[in-house]
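The next block holds one structure in the form of structure tokens; read it before the comments.
The values are calculated or read from the model by the stated rules, or taken from the named source; none is laboratory data. Here the structure is a predicted model, which means the values were calculated and not measured. Keep in mind that these areas ignore ligands, DNA and RNA; they rest on the heavy atoms of the full protein, side chains included. Shrake-Rupley method; radii C 1.70, N 1.55, O 1.52, S 1.80 Å.
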Amino acid sequence: MATEKAPEATPQAPEGTAKPPKLPPIPKGATVRRRPIPVRTPSTRAARRIYITAKTPFRSVTARVRKQLDKNLREASASNRAFTNKLAANKNASLDDRIRAIQQQSSKGGGSGIGLEDAGEVVVLGTGRAIQKVTEVALFFQKQGDCVVQLRTGSVGAVDDVIQEGEEEWGGEGEERVRMMSSLEASIKLK
């Protein structure tokens, strides 16, 4: 009797998820020089980004975040006062007109109508070993009664230079390699 071997099932990743290829080994005598991770600028003025490392003191991060949240609150309340002064300037308006104006203003902002919807957020960002520090900062502000915290994960591409022995440090024909690093963003807003 002929025995047939059943084809072995090889574990395959789902079609939508493709892993990046593994980096080739570093040649003998070569060293790797790591470049700093490029810093992205915030898309809006209201979103303030604070980049931290594993060595950044916890207390200084919390102080910087609280200071920025307070600054955002002052700016939002100043714009709310300007709206209130516009209502007060029209002394002949009835109470119904004033209430309608406040409701229209709060429906534009999409919030409670007290003017804190535009208070802005502070984003704390860390990569690699600093992810633990970001989670500690997020937990600290989550325990505060006046803050809302959201976490977002991601990956950042970091560029490394492979320098062969005998080449100049930055001027030679070194090879560039991109490695992926995990990153974590904690978005902190006032309630």
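Applying the Karplus relation 6.51 cos²θ - 1.76 cosθ + 1.60 with θ = phi - 60° to the range 20-28 yields 3J(HN,Hα) values of x, x, 6, 6, x, x, 6, x, 5 Hz, where x marks Gly and Pro. Largest accessible area first, the listed residues Asp160, Asp96, Asp146 line up as Asp96, Asp146, Asp160 when surface is computed with a 1.4 Å probe on the assembled protein chains.
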